[in-house]
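Visitor: Below you will find the structure I want to go over with you.
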Amino acid sequence: IRNDDLLVPEPMPVLPVGRRTRGMEVEQGFGPEATQVNAARCYLCHYKFEIDQDKCIHCDWCIRVSPRDCIRRLSTLETDADGAATGYTEMPKDQADATTYIWIDSDNCIRCGNCYRICPTEAISLRKADIGHCGLEPGLSDWSI
């Protein structure tokens, strides 16, 4: 584990509500020291680890090497038309042998790559995410895969 892997990112400093006016930047940015700390925490946010369920043999090696609780044993995994997860049912640890899916929760993943490196069947892959527009107001963007 890298020293910064388990650190929670500091919130971006913002201008107090009472001092905000039209056209002013609300986010004030980090100073030089905070910038260095946050830069050291770069976790390939524009990438996503995924598990190929057809290759996964449920050995749980990926779960054991994960420094965070981001890899889950599931009985069900609901997805939308694009294949993005919309919901899941997690298996209790005492029923791990009844697991149907092993799934990586990207919101909790710090992209350390431990799971990728240890997988004996190469079931885990890394996919790049692109910024796309998803029906938001002009000028706004949302992450899409």
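The values are calculated or read from the model by the stated rules, or taken from the named source; none is laboratory data. Note that this is a predicted model, so its numbers are computed, not measured. Because the Cβ atoms are built from the backbone with ideal geometry, glycine has one as well, and the counts that use them run over all protein chains shown. Surface areas here come from the heavy atoms of the whole protein model, side chains and all, with no ligands, DNA or RNA. Shrake-Rupley method; radii C 1.70, N 1.55, O 1.52, S 1.80 Å.
Visitor: Count, please, the residues in segment 85-101 that happen to be open to solvent by less than 80 Å² (accessible area, probe 1.4 Å) and out of contact with any Lys or Arg (no Cβ under 6 Å at 6 or more places or on another chain).
Guide: To start, the set of residues in segment 85-101 that are open to solvent by less than 80 Å² (accessible area, probe 1.4 Å) comprises 85, 87, 89, 91-92, 96, 98-101.
Pick out the ones that are also out of contact with any Lys or Arg (no Cβ under 6 Å at 6 or more places or on another chain) and you get 85, 87, 89, 92, 98, 100-101.
Number satisfying all stated conditions: 7.
Visitor: Now a separate question. How many residues are assigned to a strand (DSSP E or B), of a type outside the set (Ser, Thr, Tyr) and without any contact (Cβ under 8 Å) to a residue 60 or more places away in the chain when one looks only at segment 51-94?
Guide: Step one: list which residues in segment 51-94 are assigned to a strand (DSSP E or B), which gives 51, 71-79, 85-90.
Add one more test, that the residue is of a type outside the set (Ser, Thr, Tyr), and what stays is 51, 71-74, 77-78, 85, 87, 90.
Of the ones still in play, those that are also without any contact (Cβ under 8 Å) to a residue 60 or more places away in the chain are 71-74, 77-78, 85, 87, 90.
The number of residues fulfilling the criteria is 9.
Condition check ((1) hydroxyl-bearing (Ser, Thr, Tyr); (2) at pLDDT below 90) across all residues:
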| site | (1), (2) |
| --- | --- |
| Arg19 | no, no |
| Gln36 | no, yes |
| Asp52 | no, no |
| Cys56 | no, no |
| Leu74 | no, no |
| Leu77 | no, yes |
| Thr89 | yes, yes |
| Ala96 | no, yes |
| Ile118 | no, no |
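Visitor: Can you list residue pairs whose Cβ atoms sit under 8 Å apart, with the first residue in segment 17-34 being without any contact (Cβ under 8 Å) to a residue 12 or more places away in the chain and the second being part of a strand (DSSP E or B)? Count only pairs 6 or more apart in sequence or on different chains.
Guide: Pairs found: none.
Visitor: So, one more: Can you tell me how many residues in segment 95-109 are in a helix (DSSP H, G or I) and either closer than 20 Å to Phe49 by Cβ or touching a strand residue (DSSP E or B) at 6+ places or on another chain (Cβ under 9 Å) (or both)?
Guide: Result for segment 95-109: 3.
Visitor: Listed residues Asp82, Asp69, Asp60; which is open to solvent by 60 Å² or more (accessible area, probe 1.4 Å) and over 16 Å from the mean Cα position of the chain (by Cα)? Show your work before the answer.
Guide: Numbers: Asp69 fails: over 16 Å from the mean Cα position of the chain (by Cα); Asp60 fails: open to solvent by 60 Å² or more (accessible area, probe 1.4 Å).
The conditions single out Asp82.
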